[in-house]
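Participant: So that we are looking at the same thing, I have put the structure below in structure tokens.
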Amino acid sequence: MRASLAPRPCSQTTTNARSQPSRGALQVVGAATKAKKNRDLERLRELASAEETFLVAGFNYKGLTVKDMITFRRALPEGSHIMVAKNTLLRKALEGTAFEPLSECSTGMNAWVFVDENVAPTMKAVKALTKVWNKAGKEVAFTGACMDGQFIAANKIEPLENLPTKIDLITKIAVGIKQVPTKLARGTKGNANKLGYAAKAIAEGKSDLIQA
């Protein structure tokens, strides 16, 4: 009689055991994931609390490839940063900051753009990329922004393309109130929010200072 070719039960048990990750391996993966979340949270908090950060915006990047995201990063002016992070981490990072209202748009696939005083160049750079991607069938767009504690809806972001730099803004305000620009600059140093309302008014064309 020929011997059976069917594997013995003990062999099956050994094979199945090897195909499943061990408990120790799962613990290592879990620890690595937690460590990354902590790093991301720390970085988000660092960017949100930086004196240079003037505005934070959400950008729906669904459909973009890794190559697209590299292009995105390279297109941003110096002083602007983009970071992909979970919405829950973003909300946690912004708690207690002037940018907390941005949590209003923290749904979907968002990348977060942190911008210094060069808001206009950043908005224009992103707008140019968005047009290219939209033509390619990638429905990406800003989901909202926050400046000076004020949430800015997606359909209200375009005027930010006219926003002066902080130095230009200080000069315009100084001329408007007949104050020495350097003195005004010292008074607002380290607190971009003091210029927020004036900046927003100028961007929307509601201030005569834009003519100064």
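Participant: How far apart, in nanometres, would the label points at Glu139 and Lys36 be if each is projected 7 angstrom from Cα along the Cα-to-Cβ direction?
Facilitator: Using points 7 Å along Cα→Cβ, the separation is 2.8 nm.
Participant: Right, something else. Counting other beta carbons within 10 Å of each Cβ, put Met109, Met147, Met123 in order, fewest first.
Facilitator: Met109, Met123, Met147
Participant: Kindly identify segment 29-179 as rounded, prolate or oblate by the Cα gyration tensor criterion: order the square roots of the eigenvalues as a ≥ b ≥ c, call it rounded if a/c is under 1.5, otherwise compare a/b with b/c, prolate if a/b is larger, else oblate. Before the final figure, lay out each step's value.
Facilitator: Details: a/c = 1.97, a/b = 1.31, b/c = 1.50.
The shape class here is oblate.
Participant: Beyond 28 Å between alpha-carbons counts as too far, so tell me which of Lys86/Lys138; Lys92/Lys135; Lys34/Lys62; Lys92/Lys156; Lys36/Lys62 fall in that bin.
Facilitator: Pairs exceeding 28 Å: Lys92/Lys135.
Participant: Continuing with the same structure: So how do Arg74, Arg45 line up by other beta-carbon neighbours within 10 Å, fewest first?
Facilitator: Values: Arg74 8, Arg45 17.
Ascending number of Cβ neighbours within 10 Å: Arg74, Arg45.
A short reminder: the numbers here are calculations on the coordinates, not readings from a lab. All values derive from a computational prediction rather than experimental measurement. Note that we place each Cβ from the backbone using ideal geometry, even for glycine, and neighbour counts take in every protein chain shown.
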